[in-house]
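Visitor: Mind having a look at this structure? Questions to follow.
The values are calculated or read from the model by the stated rules, or taken from the named source; none is laboratory data. Here the structure is a predicted model, which means the values were calculated and not measured. Counting neighbours? That spans all protein chains shown, and the Cβs are built from the backbone with ideal geometry, glycine included.
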Amino acid sequence: MKGTVLILGASSAIARATAAAFASRGYGLYLAGRDEEELARDAADLAIRHQVPVATGRFDAEAFAQHPAFIEQVVEASGELAGVVVAFGYLGEQSRAVHDWDETLAIIQRNYTGAVSLLNLCANRMEQAGTGFIVGIASVAGDRGRQSNYTYGSAKGAFALYLQGLRNRLAPAGVRVLTVKPGFVDTGMTFGLPGMFLVASPRYVGERIARAVERGRDVLYVPWFWRYIMLIITHIPERIFKRLKL
């Protein structure tokens, strides 16, 4: 076995697909989330399907004070980690966040603050060990603020910037940091949203994430063409962009 990969937010569609991609490559797994029954079912399926050890545990992204004990629990169960994948997030409702601070705070904490709290702990252990990889799932929404989802986009943009700095810090220690920027993916979070096009499957995304880690990539737009879509969007002059309904 190649070691254990911690999947944070393991019940999401992208997380399940990413877990399967790493398990197929011989990694053990630690699945972490809030629904313990669902985690147990997924763990049993992955262990049988890929013949790797799979452990589970409950965590709350917003329970910051509990994060150190949670990481210790993971290491005690599985040993020092080969990798960690941050796959949890919360799209929220932009129209509600405009007037409801609790909604704004939930979007920020579930997409940024909670991820930073957990990754600070994991990064310190990996830096000391001199090995490992970190995968953070950000979003193309973080590349430019749009009126339809700028609270979510700002949290994901901040997370991408954090990962960029973490990559710069950990590179000399031999720890790899991959920033993943998905476009539209067929998940429960995006189901029913208007304006969806060229939607990717979670399985496709999970496989691309595992390949990107193997190849030492720094940033992964998935599907690949989103790199060029966002290149165009980010280069629209502000005087024009602010008049667009995006």
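Visitor: How do the strands (runs of 3 or more DSSP E) wholly within region 1-64 filter down when requiring 1 or more residues that are among the basic types (K, R), surrounded by fewer than 20 Cβ atoms within 10 Å (Cβ to Cβ) and at pLDDT 95 or above: which remain?
Guide: Here the list reads 54-58.
Visitor: Turning to a different aspect of this structure: Would you check which residues across region 113-127 are in contact with a helix residue (DSSP H, G or I) (Cβ under 9 Å, 6 or more places away or on another chain) and either acidic (D, E) or free of Cβ contacts under 8 Å to residues at least 24 places away in the same chain (or both) and list them? Even if it seems obvious, please write down each step before you answer.
Guide: Going through region 113-127, the residues in contact with a helix residue (DSSP H, G or I) (Cβ under 9 Å, 6 or more places away or on another chain) turn out to be 113-123, 125-127.
Selection gives N120, E127.
Visitor: Further, regarding this structure: Among the residues of region 75-91 satisfying the criterion of being surrounded by fewer than 23 Cβ atoms within 10 Å (Cβ to Cβ) and of a type in the set (A, V, I, L, M, F, W, C), which is farthest from the chain's Cα centre (by Cα)? Spell out how you get there, then give the answer.
Guide: We begin by selecting, within region 75-91, every residue surrounded by fewer than 23 Cβ atoms within 10 Å (Cβ to Cβ); these are 75-80, 82, 90-91.
Next cut, of a type in the set (A, V, I, L, M, F, W, C) only: 75, 77, 82, 91.
Numbers: V75: 20, A77: 22, A82: 16, L91: 13 Å.
It comes out as A77.
Visitor: Out of all the residues in region 62-80, which are more than 15 Å from R125 (Cα to Cα) and either in contact (Cβ under 8 Å) with a residue 24 or more places away in the chain or aliphatic (A, V, I, L, M) (or both)?
Guide: E62, A63, F64, A65, A77
Visitor: Residues that are closer than 23 Å to V205 by Cβ: which helices (runs of 4 or more DSSP H) entirely in region 74-161 hold 2 or more of them?
Guide: 114-129
Visitor: Sticking with this structure for a sec: With the requirement that a residue be touching a residue at least 40 places away in the same chain (Cβ under 8 Å) and either in contact with a Lys or Arg (Cβ under 7 Å, 6 or more places away or on another chain) or closer than 20 Å to Q164 by Cβ (or both), what does region 230-246 give you?
Guide: Residues satisfying the conditions are M230, I233, T234, L246.
Visitor: Quick check on this structure: which one of R96, R110 is free of Cβ contacts under 8 Å to residues at least 24 places away in the same chain and touching an Asp or Glu at 6+ places or on another chain (Cβ under 9 Å)?
Guide: Exactly one residue qualifies, and that residue is R96.
Visitor: Within region 157-176, is even one residue within 19 Å of I232 (Cα to Cα) and free of Cβ contacts under 8 Å to residues at least 24 places away in the same chain?
Guide: Yes, region 157-176 contains a residue that is within 19 Å of I232 (Cα to Cα) and free of Cβ contacts under 8 Å to residues at least 24 places away in the same chain.
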